[in-house]
1. Any idea how far the Cα center of segment 298-376 sits from the one of segment 172-207, in Å?
2. Taking 0.36 nm per residue of separation and subtracting the Cα-Cα distance, what length does fully extending residue 71 through residue 314 add?
3. Please work out the ratio of the alpha-carbon Rg of segment 160-212 to 2.2 N^0.38 Å and round it to two decimals.
4. Quick one: order 83, 49 by neighbouring beta-carbon count within 10 Å, fewest to most.
5. Tell me, 89, 121, 258 in order of fewest to most beta-carbon neighbours within 10 Å?
6. Once the Cα atoms of helix 325-338 and of the chain are each reduced to a long axis, what angle between those two axes, in degrees from 0 to 90 to the nearest 10, is obtained?
7. By count of other Cβ within 10 Å, fewest leading, how are 332, 289 ordered?
8. Give the distance, in whole Å, between the Cα centre of segment 259-276 and the Cα centre of segment 48-99.
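Each value in this text was obtained by applying a stated rule to the coordinates, not by laboratory testing. Here the structure is a predicted model, which means the values were calculated and not measured. Quick reminder, even Gly has a Cβ in these numbers, built from the backbone with ideal geometry, and neighbours come from all protein chains shown.
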Ligand SMILES: Cc1cc2nc3c(=O)[nH]c(=O)nc-3n(C[C@H](O)[C@H](O)[C@H](O)COP(=O)(O)OP(=O)(O)OC[C@H]3O[C@@H](n4cnc5c(N)ncnc54)[C@H](O)[C@@H]3O)c2cc1C
């Protein structure tokens, strides 16, 4: 991506971060021209002023850039690596349904709004970019294979009914009719079916968001890491990066589990930390499983092409993104107990990602304390894909000075130390 720093005589191209740039210009001198050259380090470049600078190009940053640019703001998105290659790429793309009534808690309102928006965004993104995000209302099955899971499942059914989410309790034979590949070992204590559960293909969704941002004129800077902010009179005045100084009217931090480190020098505590999740991708036969199968925190997500994702672990290991033999073998054991027919499936790939987690497991959404033009949207833990569209809408409302349609007060609790 080519960027144009505000240094005369410009414009210049950016080739690789921290390379010195050669600037050339020409001036009339007597009857001829003289050419001038100067070299400049990228980190000294000052860029054009934007309406909003977003820091972190995961699904949250990209969705917000998409939404804000659609509302007419000039937006720049800076990402220290490649866009959408961290937690957002690693996720399984499960979108559980939202309630149609009784959404008393703001988190339920956020979920419900996102569930309404996802099919609209999928259609809109396809129209704008030609990319199919893989959004499908495939349905989800929840199974309990132990007493504790059975109790949780009973609560899930009650809560779903209260919020008018379609739910069917299943007998063993009904479960076998819907998903014949599931184990018939007498250990299924309870099961239910949520027909409105959906899935999305994360890499395709991120690709579509990125392409749509380009079409909407979002300025994108990859390989650009924000190190610190300049602050004056209760406002951020600039973001300093390895590739220059960026200035904007407003700043929004969407740096996932790395958000906390970014604010430490501002004495603004942010209780967010990484929780690793590992995934195994199998290549199986198309149609062997058709719905998402959930058991406790683990799941099988079948794709139409026969691939099956097995997820996921919750590992409290800091910023370690490796997969481990223990994690992968426990996922395989889980999958084969639940669906023994997967035993002959090929293991295509394994990976891990770092979820941004908060102590109360709610995202952090809002304005940063004591900084009138700085905002944060992070800490989505296991539901970042699911909540991304609604997060973009409410944060866009806040950043543009409107009253957000959902009360964001409960999402400010984790603006304190872990
Ligand atoms: C295995 C796994 C399975 C999951 N499954 C699901 C699921 O089924 N459904 C669901 O809804 N969610 C799921 N999630 C959760 C979801 O993926 C996350 O909540 C979501 O991706 C968080 O998005 P994000 O944009 O906040 O973070 P990220 O995607 O991590 O993006 C943050 C970005 O900020 C950049 N950055 C960091 N520091 C800086 C800096 N200083 N300067 C510039 N850029 C910076 C990073 O490079 C990164 O690209 C899953 C997660 C994992 C790991």
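1. If you average the Cα positions of each part, the centres end up 18 Å apart.
2. Numbers: separation 243, 0.36 × 243 = 87.48 nm, distance 3.72 nm.
Full extension of this stretch gives 83.8 nm more.
3. Numbers: Rg = 16.5 Å, N = 53, 2.2 N^0.38 = 9.9 Å.
Against the empirical 2.2 N^0.38 Å value, I get 1.66 for segment 160-212.
4. Values: 83 24, 49 14.
Going from sparsest to densest Cβ surroundings: 49, 83.
5. Listed from fewest to most nearby Cβ atoms, that is 89, 258, 121.
6. Helix 325-338 sits at roughly 40 degrees to that axis.
7. Values: 332 18, 289 25.
Sorted ascending by nearby Cβ count, the order is 332, 289.
8. The distance from the Cα centre of segment 259-276 to that of segment 48-99 comes to 19 Å.
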